[in-house]
Amino acid sequence: MTFKIKFNVPYRDKKCDQNVIKLLNNKNNSLFGFDQFTRKNEKIISQNYKFKNILFTNSCTSALEISALLTYRKNKNVVLMPSYTFTSTASSFLRANFKLKFLDISNRSMMPDLETIKKSITKKTGVIVVVHYAGLSIEDLDKLKKICLKRQIYLVEDAAQALGSYFKNKPLGSFGDLSCFSFHETKNIHCGSGGMLVVNNKQFLNKSHYILERGTDRRLVLQNIKKKYSWVTIGSSFNSTELNSSFLTYQLLNYKKILIKRRKIYERYINLFNKNNLNEKFYFNKNFKYLFNYHCLYIILKEKNSTNFINFLGKNKIQAFIGYVPLHTSPYGKTLGKQKLINTDLLSNKIVRLPIHNYMSLRDVSYVVKIIIKFFSNKF
Ligand SMILES: *Cc1c(COP(=O)(O)O)cnc(C)c1O
């Protein structure tokens, strides 16, 4: 089906392409990585968000894989995470020998709240992964961090969707021992596939680089500390190539402008929802406490499930999606043992994500809302 209004259109600008061409034209540049564009990206990010130790990866999945390898402890081998997340969050920790414990989500945030997390902590808990769903964080991120410190639990932020969002006055990504971001083309800014690991716990600094670089200490050679590199740990090929980094640079420099456009679209939706009293039909996020990156606009229907709603939008050439299929109900998730997560099961059937991207106009938003109103008025 071709849609009049697509759910997402990945960001493109001639200036992104020009940087790639600049890279290709300069034969002195490595295409592999760790060269001028990757370094430039690091500089932009560290200036904008005050992150100190940044590793550019080929995906957020890779950043999660590195995090899992770094945080595994035999006597604390249980990781807590929501079932309502992307496969990579779970798969990376499973591969690193962790045992998963899925947590239920709370009513509207679509994330486990502090009470749920606290109740699930045992002596075996080694890692807690918070997934900043839609680009938002849980209400008590600072309290959770304190609990983790006290109980010797590592905090990992799956901040795949959260670049540019804040908790209080600090950017998301500043709280975890390790924080993972995505530059996949479904995110606000992207390079096809890309990611970033922020290492806030210095204990992990050297080893994170070794894992990133195929388990070697090649970094020490690049820093002129060693002459020849050797195999020092189990790693993989996780780094961002220079080609990908070069495509991203312009977007990092102009992320503020990109966010302003997203905010306009988001706010127009909210205005029209309010004007038409659509809060009687579904829940939606408004009134943000902290800076938000407008990554995703989700609504939670009061209806039994979202199927008819999404089909109706589709018939009117609007592309909308459900959220995640909860991992504990997925074919592989079921092999890990049965779990009943009441809110997760209920809410995942009622959630709908609406189109939001940089190539939508305010008229497009009006059209989507008009169709939504039509859906509800066809009923009695
Ligand atoms: C997109 C996403 C990922 C995966 O990111 P990739 O860069 O595609 O590997 C992981 N977790 C969450 C919450 C995501 O939204």
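A few points about this structure:
- For the residues Met81, Met110, the requirement of being touching a helix residue (DSSP H, G or I) at 6+ places or on another chain (Cβ under 8 Å), within 16 Å of the ligand (Cβ to nearest atom) and in a loop (DSSP other than H, G, I, E, B) singles out Met110.
- Checklist (1) open to solvent by 10 Å² or more (accessible area, probe 1.4 Å); (2) away from the ligand (no atom under 15 Å from the Cβ); (3) under 18 Å from the mean Cα position of the chain (by Cα) applied to Leu141, failing item: (1)
- Per-region count, the stretch 192-208, residues away from the ligand (no atom under 12 Å from the Cβ) and not in a helix (DSSP H, G or I): 4
- Yes/no for Lys101 being part of a strand (DSSP E or B), out of contact with any Gly (no Cβ under 7 Å at 6 or more places or on another chain) and more than 16 Å from the ligand (Cβ to nearest atom): yes
- Taking each residue of the stretch 214-239 that is more than 22 Å from Thr38 (Cα to Cα) and without any contact (Cβ under 8 Å) to a residue 24 or more places away in the chain and looking for partners that are among the charged types (D, E, K, R) and open to solvent by 60 Å² or more (accessible area, probe 1.4 Å) with beta-carbon atoms closer than 6 Å, six or more apart or interchain, yields nothing.
- Residues being out of contact with any helix residue (DSSP H, G or I) (no Cβ under 7 Å at 6 or more places or on another chain) and either among the β-branched types (Val, Ile, Thr) or over 18 Å from Lys76 (Cβ atoms) (or both) - total across the stretch 88-107: 1
- Residue list for the stretch 164-191, filter: open to solvent by 10 Å² or more (accessible area, probe 1.4 Å), of a type in the set (A, V, I, L, M, F, W, C) and within 11 Å of the ligand (Cβ to nearest atom): Cys191
- The condition of being at pLDDT below 95 and either more than 21 Å from the chain's Cα centre (by Cα) or surrounded by fewer than 20 Cβ atoms within 10 Å (Cβ to Cβ) (or both) holds for only one of Leu222, Leu149, Leu205, that being Leu222.
- Entry remark, the stretch 36-60: residues being open to solvent by 30 Å² or more (accessible area, probe 1.4 Å) and part of a loop (DSSP other than H, G, I, E, B) number 4 in total.
- Residue in the stretch 230-237 that is closer than 26 Å to Asn28 by Cα and away from the ligand (no atom under 16 Å from the Cβ) present: yes
The values are calculated or read from the model by the stated rules, or taken from the named source; none is laboratory data. It should be emphasised that the depicted structure is a prediction, and the values quoted were computed from it without experimental measurement. Here Cβ is always computed from backbone atoms with ideal geometry, including for glycine, and neighbour counts include all displayed protein chains. With ligands, DNA and RNA removed, areas are computed over all heavy atoms of the protein, side chains included. Shrake-Rupley method; radii C 1.70, N 1.55, O 1.52, S 1.80 Å.
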